[in-house]
Amino acid sequence: MTLWIAGARGRDTALGIEGGRIVAESPQPPPGSEVLEASGLFLVPAFIDAHVHLQLVPGAPRALLRSGVAAVLDLGAPESALPFAEAAPLRVRFAGPLLTAPGGYPTQGWGKDGYGLEVASEKEATLAVERLFRSGSRFLKLAFAPRNPTLAPPVARAAADQAHRRGMLVAAHALDRDSVQRALAAGADVFAHAPLEPIPLPGKWVISTLRAFGGTVRGLGARVVYGTDLGNQGTEPAIDARELALLEREGVDFLRAATLDAAELLGAPDLGRLSIGSAASLLAVRGLDPESLAHPVWVMNCGTLLR
């Protein structure tokens, strides 16, 4: 039976939900239909957090879903955690451990328990990427941190080339100008954090993490998407109003960055929009400001009301 969501502000049609998807639109629900009233509320697609570390936050998948996050990109986890099957129905894309030089970031600190994968040669890098791909990784993350040993340029390039041959996107932990240049030379597609200073990155993706790491997304010429670096100090498994406010301050369409554009980055075309054929993953909110988006009135994931 089709459930209809009706009465939302700014919409002239009701949405028909069945089998976890949006299957119809109509000016009014058919007579006798089951109706979920959204009078006075805005409907927006469920959010996507494009930078998390699920293994660092016990209970994160359930908390994220209930807060209104339908999908995430995990950019650092031990191979033993892959492929995150236990996180369902939270949709998870992932990179696995960061490829790094021997003794490199993050193996000497927070990532000492398998969050970094050390490679010293082009062959080791190629084999590591192939193993991660077979585990289900569709992203590769390379570490470039200035106070740690970093991947030699031929090793980083070999890893990125193998990832691209497998259709993976290459993300980089690179914040300062020199590290960003190293990542670009290696062939990075995605920057896991906003750089600390404006650096032209045309055609690239940048994940915000402004609250966790600072930086800027102005003047980059890049596609900017919302990400919190969940697992970092002070973060919580929820929609982060402060991250949205920082994106707004930087002149970014923060709602699009957390929905439509993030869905494109993750390769999830049925998320990030409210149209026929899309997943019925959405939020009902009182307003379209950061605080209202972070505190939805109710949340639906794939047709199931979570709160």
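Nothing in this text is a laboratory measurement; each read-out follows from the coordinates by a stated rule. Bear in mind the structure is a predicted one, so any value in this text is a computation, not a measurement. Methodologically, a virtual Cβ is constructed for each residue, glycine included, from the backbone with ideal geometry; neighbour enumeration extends over all protein chains shown.
Enumerate the calculated ³J(HN,Hα) couplings along segment 111-117 in order (Karplus 6.51 cos²θ - 1.76 cosθ + 1.60, θ = phi - 60°), each rounded to whole Hz, writing x wherever the residue is Gly or Pro.
Values, residue by residue: x, 5, 9, x, 7, x, 10 Hz.
If I stretch the segment between ASP176 and LEU288 completely, what's the gain in nm (0.36 nm per residue apart, minus their alpha carbon distance), one decimal?
37.0 nm
How much length is gained on full extension from TRP110 to ALA24, taking 0.36 nm per residue of separation minus their Cα-Cα distance?
Result for the pair: 26.2 nm of gain on full extension.
In a GNM of the chain with a 10 Å cut-off on Cα contacts, which of PRO83, PRO154, PRO237 has the highest mean-square fluctuation?
Checking each option, the largest mean-square fluctuation is seen for PRO154.
Mean shadow of the chain, computed from the convex hull of its alpha carbons, in nm²?
On the way: hull surface 60.1 nm².
Its average projected convex-hull area is 15.0 nm².
Could you give the nm distance between label points at ARG165 and TRP298, where each point is 7 Å from its Cα heading toward the beta carbon?
About 5.2 nm, to one decimal.
In debye, nearest 20: dipole of the chain around its Cα centre with unit charges on the Cβ of K, R (+) and D, E (-)? It would help to have the intermediate numbers written out before the result.
Working: 29 positive and 31 negative charges, 68 e Å.
Here the chain has a charge dipole of around 320 debye.
Using modelled amide H (1.01 Å from N, peptide plane; none on Pro or chain starts), what sits under 5 Å from the amide H of VAL206, excluding residues fewer than 5 places away?
Correct list: PHE191, ARG223, VAL224, VAL225.
Given the rule -39500 (n - 2.57) for each run of at least 4 DSSP H residues, summed and divided by the residues of the chain, what is its mean residue ellipticity at 222 nm, to the nearest 500 deg cm²/dmol?
Computed ellipticity for the chain at 222 nm equals -6500 deg cm²/dmol.
Counting only DSSP beta bridges with both residues in the chain, tell me the antiparallel percent, nearest 5.
Percent antiparallel among DSSP bridges in the chain is about 40.
If I take R0 = 22 Å and measure r between the Cβ atoms of SER33 and ARG62 in this structure, what FRET efficiency does the formula 1/(1 + (r/R0)^6) give, to the nearest 0.05?
0.15
With θ set to phi - 60° and the Karplus curve 6.51 cos²θ - 1.76 cosθ + 1.60, what are the ³J(HN,Hα) couplings of segment 202-210 in order, to the nearest whole Hz, using x for Gly and Pro?
For segment 202-210, the Karplus-derived couplings read x, x, 9, 9, 10, 8, 5, 6, 5 Hz, x marking Gly and Pro.
Amide H neighbours of LEU140 under 5 Å, at least 5 residues apart or on other chains, H built in the peptide plane: list them.
When sequence neighbours closer than 5 places are left aside, the close amide H contacts are LEU169, VAL170, ALA171.
Give the long-range amide H neighbours of LEU98: residues separated by 5 or more places, or on another chain, with amide H under 5 Å away, using H modelled in the peptide plane at 1.01 Å from N.
Long-range HN contacts for LEU98: ALA77, GLY116, LEU117.
May I ask you to evaluate 6.51 cos²θ - 1.76 cosθ + 1.60, the Karplus curve with θ = phi - 60°, for each residue of segment 74-90 and list the ³J(HN,Hα) values in order in whole Hz, giving x for glycine and proline?
Couplings: 8, 10, x, 7, x, 4, 5, 7, 6, x, 6, 4, 6, 7, 4, x, 4 Hz.
Using per-residue counts of other Cβ atoms within 10 Å, averaged over each peptide, order 202-209, 71-78, 164-171, 190-197 from highest down.
71-78, 190-197, 202-209, 164-171
Sort the following peptides by mean Cβ neighbour count (other Cβ atoms within 10 Å, averaged over residues), highest first: 251-264, 98-111.
Values: 251-264: 21.3, 98-111: 19.7.
Averaged packing, sorted descending, gives the order 251-264, 98-111.
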